[in-house]
């Protein structure tokens, strides 16, 4: 990306609005090697000014084209999922150096700890929890056949595919860890049949990818992982993992919502909750995260990404082992019993 | 026999260097890594003190599990991971829910 994308953004937006545009107040919201979000104001000649956000997608980290991402966002938005309205999509890397999307800017918090503080201060945990469940319910109620074909699709048996992938990961990276072996046995014994109804999934609809405002859930962000024909319980299970609770461990969803409230919102919006399938995907998601952490440590050790943060990930695998054990606890052993 | 400070004492000093002395002087983009480094030094400090006993206990616990008894294995692994967490992330095992 060019150091200052202002001129390129202004030129693209001038085409969008059909009038000259000045870009002011540019502010980088997130830095790093991944996608970058840049807040700015577009001053449009004769049309006033608009607060906007550009999401810039370096080709090296692009897992979905900006056109496909735009299409899935517009589809979700048309079905009542709160998504910031798109203003412009530019797949042409020549304009500012990298492809980008421009959306209207939504006020509110996205950083998880700040989200939790806001919810705590306004006392609207129940409202946000239901709206969050409802956003996912509305997404899953969309006819999966209407999803853009450019999106990656799950295979006919998503759970079996995930299990095969997890087994491979454990064999490669964690073959000497008995907790992972036990969790795999648990998953094998309970492998669910292919879902009776597949859905368009977000795949990362956790605390951290939502905008929360004082009056409730304002938007769902980060659609680059969207998938067609997935198992909807995979999507519901993911935000329930302990790592997205930010120390508020007794609130299963995002550290502020309990399962009943989230599911009530989900079902009111047309979702169908299946607790066994949910638990299966939650164990699967936890195990996959553990494989990912071990993979980061391996990348450090073999020199691919020599970074102290990647090294530290290896020692975080114990947390995942604990989370797995708590989820696969034999039914005869009740919580709180001294093991 | 090495002179004092002991390994654990030196690792704590290293953590203090990273977190209290260097971190405030670092540009924002490097602060997280310094924090992670300090945390790793503290993990190693605990490993020096608790590691040998934890390793012995792990071997004993796992050896005592009857072949094919998944429930006993779960109990033993829970104790093993508790000991690992006492080094890697003290307090993480206080939450025993899902």
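Taken together, the values in this text are just the output of simple stated rules run on the coordinates, not laboratory data. These numbers were taken from a predicted model, which means no experiment stands behind them. When we count neighbours, we look across all protein chains shown, and the Cβ atoms used for this are built from the backbone with ideal geometry, even at glycine.
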A correct Kirkwood calculation over the Cα atoms of the stretch A:99-238 returns a hydrodynamic radius in Å of 17.3
Across B:81-91, the residue-averaged tally of Cβ atoms belonging to other chains within 10 Å stands at 4
Taking the alpha-carbon centre of each part, the distance from the stretch B:1-63 to the stretch A:266-339 in Å is 24
Candidates A:199, A:94, A:134; GNM for chain A (alpha-carbon contacts under 10 Å) flags as most fluctuating A:94
Whole-Å distance linking the alpha carbon centroid of the stretch B:68-84 with that of the stretch A:182-227 is 30
Expressed as a whole-number percentage, the relative contact order of the stretch A:6-104 with C-alpha contacts under 8 angstrom and at least six residues apart is 24
Taking a ≥ b ≥ c as the square roots of the Cα gyration tensor eigenvalues, with a/c under 1.5 meaning rounded and otherwise prolate when a/b beats b/c or oblate if not, the stretch A:9-134 comes out prolate
Longest principal axis of chain A (C-alpha) makes with the long axis of helix A:259-268 (C-alpha) an angle, in degrees to the nearest 10, of 60
Kirkwood-based Rg/Rh on the Cα set of the stretch A:273-326 evaluates to 1.14
Per its Cα gyration tensor (rounded if a/c is under 1.5, else prolate when a/b beats b/c, else oblate), the stretch A:112-327 is best filed as oblate
Calculated from DSSP helices alone, with each H run of at least 4 adding -39500 (n - 2.57) and the total divided by the residues of chain A, [θ]222 nm to the nearest 500 comes to -13500 deg cm²/dmol
Contact order relative to length for chain A, counting C-alpha pairs under 8 Å separated by 6 or more residues, stands in percent at 16
Everything considered on the Cα gyration tensor (a ≥ b ≥ c; rounded for a/c under 1.5, else prolate if a/b is larger than b/c, else oblate), chain B must be described as oblate
The stretch A:64-124 -> Rg/Rh from Cα coords, Kirkwood Rh, value 1.11
Taking every alpha carbon pair in the protein assembly as shown and sorting the distances into 10 angstrom bins from 0 up to the bin holding the longest one, the percent per bin comes out as 4, 18, 27, 27, 16, 6, 2, 0, 0
Fewest to most Cβ atoms within 10 Å: A:179, B:65 sort as B:65, A:179
GNM on chain A, Cα springs under 10 Å; top mean-square fluctuation among A:255, A:18, A:155 goes to A:18
At q = 0.19, 0.21 1/Å the base-10 log of I(q)/I(0) from the Debye formula over the alpha-carbon atoms of the stretch A:208-255 is -0.77, -0.90
Across A:184, A:301, A:217, the residue with the highest GNM fluctuation in chain A (Cα network, 10 Å cutoff) is A:301
Relative to chain B, whose Cα atoms define the longest principal axis, helix B:70-88 and its Cα axis are tilted in degrees, nearest 10, by 10
Helix A:317-327: inclination vs chain A longest Cα principal axis, degrees, rounded to 10, gives 70
Contact order relative to length for the stretch B:7-94, counting C-alpha pairs under 8 Å separated by 6 or more residues, stands in percent at 28
